[in-house]
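Trainee: The structure that follows is given in the form of structure tokens.
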Amino acid sequence: MADPAAPASYAARWAALKNLPPFLRMVWAASPGLTLAMIGLRLARAVIPVTMLWIGKLIIDEVVRLIALAPRPETLAGWWQSGLAGDLLLLIAAELGLALASDLLGRLVTYADSLLQEKLVISLSIRLMDHAADLDLASFEDAGFQDRLDRARRQTMGRIPLVNQIMQQMQDAVTVASFGAGLIAYNPWLVLLLLAALIPAFLGEIHFNALTYAMNWRRAPERRERDYLRMIGATSDSAKEVKIFGLNRFLRDRYLELAQRFYAENRAILGRQLAVMALLTGLGTLCYYGAYLWIIGRTLTGGLSLGDLTFLSGSFLRLRGLIEGLLSSFSSMASQALYLDDLYAFFRETPRIAAPARPRPVPDPIRQGFTFEDVGFHYPEAGRWAVRGLSFHLAAGETVALVGENGAGKTTIVKLLCRLYEPTEGRILLDGHDLREFDPERLREAVGVIFQDFVRYAMSASDNIAAGRISAREDRDRIVTAAGRALADQVIARLPGGYDQMVGKRFARGVELSGGEWQKLAIARAYMREAQVLVLDEPTAALDARAEFEVFQRFKDLSAGRTALLISHRFSSVRMADRILVLADGRVEAQGSHDALIAQGGRYRELFELQAQGYR
């Protein structure tokens, strides 16, 4: 999916508000109860300011009336005994009650808002993880998709304040309406003057928010590079090479180049925003004081009481701040809505590899095996074919080794077999049926794969193995058995916490493992799966010669009766296979046993002899 252009026009910015209803539906789905509580609490709080200001006006008018009484009590006790201040005391009590209620409602709003935002973070994160799990592997290997995924991840957290912003907008709108009604009752022109002064500032805010969004949208690829440079410049995974090769200055300078470019662009936009917005907000201030002079003039001429003066000046001041905040917040909300496009664009990504409407059950046991018929595949936007015209048969119960130079298509074959990719041409059969007829998820459950770039999970040793069949995570006997098969039990026996020990140094109390130790855990993961098909892609690259020999002897015994596919550059390992396929330029160039291929001559013997020379 191609990335949409970053919105630039006012129409596009306003159109982005269409993102708010689905966002509110996500908020509602995260917690209907908290959403209703937030709405109720904010509506109750919205009418308190104008009510308190009106009571304040009544208090001042009542004080002025009482002062004008003749005769009047000279002491507080006299006022109390006379009962003349009864109404005043009731008004003060009412204002106190409203102040206490406002404080309580404010606390409740903060409490409910925090819980709702946390619920939304959880809901969006789960949805993002679930959707990512449904997408094809090819998507994750596309740079454009990585940009969209990066922006979507940022929106999962970055747009959470939008919940509070929308709710605050609703509360302020009700408060503005209540203050506006009070001002209109005195003079409608006051409200119109205020709006005329603030709307230009509102449009200015929209313009600069959109410019900032467009800038951030363009930066996504470079921002990923900047974050990557910052990570490898200060992380344990790269620390050795950075020090040995003296890469720190290079990484720092490249990071600084990108950071300064972003800073310069930010400064240019912020400078223009400062000049324009200072002018527009100054206009609003002039209009406010013009209205304030009118109110004072009306009071001096007797048209308004002191209470009216207090109410109108307070209302106008509060209304000016509220409308200014409301327009600015609305502008910011429109900007936030632009960013939601990134989240929704990710959710619109659809997988190409999907289960058919009526999937064929995966055979158990597999009887015939896998057949590649004139299979061709090239990676998206790649200029060359990874494999093409590829035809071979992997019989049920057979162990086949794939041999070839880098780029010959070995790992691609594994990904096609697991249906992580669809063939660009040709087809792959399982027991005579096209792989497209099976549910990909069920098919992958029948295959246990360990890739050469296996994941080192910063989890317990037990969970690292259980990842091979996570549904059996609580089956400790199965985990222990898988560890024994992969010789990982020897590694775990040396860990302070045994199977419950956190491995990796990402978190506190974690124990780092050597490359070979990590690899044994990964191989145990494949055995944990107890799959019909075992695939090991360079499984012993980090093992020493003795450990490699032991692992393959164990693999040979444990794969008996299973279908197995083995990829290795070490000929001492592949010779144990029933059959060896020699790959070149994405095709099977030769096949047979080790002895037969040596006797034939050609590429296999050439590679074998080159490797053998290193041991002489």
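The values are calculated or read from the model by the stated rules, or taken from the named source; none is laboratory data. Worth saying up front: this structure is predicted, and the values here are computed from it rather than measured. Counting neighbours? That spans all protein chains shown, and the Cβs are built from the backbone with ideal geometry, glycine included.
Trainee: Across region 490-531, which residue is surrounded by the most Cβ atoms within 10 Å (Cβ to Cβ) among those that are over 21 Å from Ile470 (Cβ atoms) and among the polar types (S, T, N, Q)?
Mentor: Selected residue: Gln490.
Trainee: Turning to a different aspect of this structure: Restricted to region 357-407, and to residues that are part of a strand (DSSP E or B) and among the basic types (Lys, Arg), which residue is farthest from Gly602 (Cα to Cα)? Working first, answer last.
Mentor: The first filter runs over region 357-407 and keeps only residues part of a strand (DSSP E or B), leaving 360, 369-377, 387-395, 399-403.
Among the residues that remain, those that are also among the basic types (Lys, Arg) are: 360, 388.
Details: Arg360: 42, Arg388: 21 Å.
The extreme case among them is Arg360.
Trainee: Across region 468-498, what is the number of residues that are at negative phi and touching a residue at least 60 places away in the same chain (Cβ under 8 Å)?
Mentor: Of the residues in region 468-498, 4 are at negative phi and touching a residue at least 60 places away in the same chain (Cβ under 8 Å).
Trainee: Please find, within region 26-48, the residue that is farthest from Tyr344 (Cα to Cα) out of those that are more than 30 Å from the chain's Cα centre (by Cα) and touching a residue at least 24 places away in the same chain (Cβ under 8 Å). Don't jump to the end; show me each part of the working.
Mentor: Filtering region 26-48 for residues more than 30 Å from the chain's Cα centre (by Cα) gives 40-41, 43-48.
From what's left, touching a residue at least 24 places away in the same chain (Cβ under 8 Å): 41, 43-48.
Values: Leu41: 30, Leu43: 30, Ala44: 33, Arg45: 33, Ala46: 32, Val47: 35, Ile48: 38 Å.
Restricting to residues being more than 30 Å from the chain's Cα centre (by Cα) and touching a residue at least 24 places away in the same chain (Cβ under 8 Å), the top hit is Ile48.
Trainee: I'd like the full set of residues that are buried (at least 18 other Cβ atoms within 10 Å of the Cβ), assigned to a helix (DSSP H, G or I) and out of contact with any helix residue (DSSP H, G or I) (no Cβ under 6 Å at 6 or more places or on another chain), limited to region 554-596.
Mentor: If the condition is that a residue be buried (at least 18 other Cβ atoms within 10 Å of the Cβ), assigned to a helix (DSSP H, G or I) and out of contact with any helix residue (DSSP H, G or I) (no Cβ under 6 Å at 6 or more places or on another chain), then Phe555, Val574, His594 are the ones that fit.
Trainee: Moving on. So Leu610 passes all but one of these: (1) aliphatic (A, V, I, L, M); (2) in a helix (DSSP H, G or I); (3) surrounded by 13 or more Cβ atoms within 10 Å (Cβ to Cβ). Which condition number does it fail?
Mentor: (3)
Trainee: Could you list, in sequence order, the residues of region 212-221 that are surrounded by fewer than 19 Cβ atoms within 10 Å (Cβ to Cβ) and over 13 Å from Arg148 (Cα atoms)?
Mentor: Passing the criteria: Thr212, Ala214, Met215.
Trainee: Please state which one of Leu274, Leu280 is part of a helix (DSSP H, G or I), touching a Pro at 6+ places or on another chain (Cβ under 9 Å) and either surrounded by fewer than 16 Cβ atoms within 10 Å (Cβ to Cβ) or of a type outside the set (Gly, Ala, Ser) (or both).
Mentor: Working: Leu274 fails: touching a Pro at 6+ places or on another chain (Cβ under 9 Å).
Of the residues listed, the single one that is part of a helix (DSSP H, G or I), touching a Pro at 6+ places or on another chain (Cβ under 9 Å) and either surrounded by fewer than 16 Cβ atoms within 10 Å (Cβ to Cβ) or of a type outside the set (Gly, Ala, Ser) (or both) is Leu280.
Trainee: When region 64-102 is examined, which residues are found to be more than 28 Å from Leu304 (Cβ to Cβ), at pLDDT 80 or above and surrounded by 14 or more Cβ atoms within 10 Å (Cβ to Cβ)?
Mentor: Scanning region 64-102 gives a single hit, Ala101.
Trainee: Taking region 323-360 only, how many residues are over 23 Å from the mean Cα position of the chain (by Cα) and at pLDDT below 75?
Mentor: Here the count works out to 9.
Trainee: Go through Ser329, Ser315 for me and flag whichever is within 27 Å of Ala46 (Cβ to Cβ), small (Gly, Ala, Ser) and touching a Gly at 6+ places or on another chain (Cβ under 6 Å). Steps first, please.
Mentor: Values: Ser329 fails: touching a Gly at 6+ places or on another chain (Cβ under 6 Å).
Residue meeting the stated conditions: Ser315.
Trainee: Another question about this same structure. Against the definition (among the polar types (S, T, N, Q), touching a Phe, Trp or Tyr at 6+ places or on another chain (Cβ under 7 Å) and crowded, with 19+ Cβ neighbours inside 10 Å), how does Thr412 come out, yes or no?
Mentor: Considered against the rule, which asks whether it is among the polar types (S, T, N, Q), touching a Phe, Trp or Tyr at 6+ places or on another chain (Cβ under 7 Å) and crowded, with 19+ Cβ neighbours inside 10 Å, Thr412 comes out as yes.
Trainee: If Ile428 meets every condition in (1) closer than 15 Å to Ile366 by Cβ; (2) assigned by TED's automatic domain parsing to the domain that holds Pro496 apart from one, which number is that one?
Mentor: For Ile428, the exception is condition (2).
Trainee: Sticking with this structure for a sec: Kindly indicate whether Thr424 is out of contact with any helix residue (DSSP H, G or I) (no Cβ under 8 Å at 6 or more places or on another chain), at pLDDT 85 or above, buried (at least 20 other Cβ atoms within 10 Å of the Cβ) and over 25 Å from Arg469 (Cβ atoms). If you could, list the steps in order and put the result at the bottom.
Mentor: On the way: out of contact with any helix residue (DSSP H, G or I) (no Cβ under 8 Å at 6 or more places or on another chain): yes; at pLDDT 85 or above: yes; buried (at least 20 other Cβ atoms within 10 Å of the Cβ): no; over 25 Å from Arg469 (Cβ atoms): yes.
Spelling it out, it is not the case that Thr424 is out of contact with any helix residue (DSSP H, G or I) (no Cβ under 8 Å at 6 or more places or on another chain), at pLDDT 85 or above, buried (at least 20 other Cβ atoms within 10 Å of the Cβ) and over 25 Å from Arg469 (Cβ atoms).
Trainee: Sticking with this one: How many residues are among the small types (Gly, Ala, Ser) and over 27 Å from Val533 (Cβ atoms) if we restrict to region 468-518? Can you show your working first?
Mentor: Taking region 468-518 and keeping what is among the small types (Gly, Ala, Ser), we get 468, 471-472, 482-484, 486, 488, 493, 497-498, 504, 508, 510, 514-516.
Narrowing the set further to residues that are over 27 Å from Val533 (Cβ atoms) leaves 493, 497-498, 504, 508, 510, 514.
So the answer is 7.
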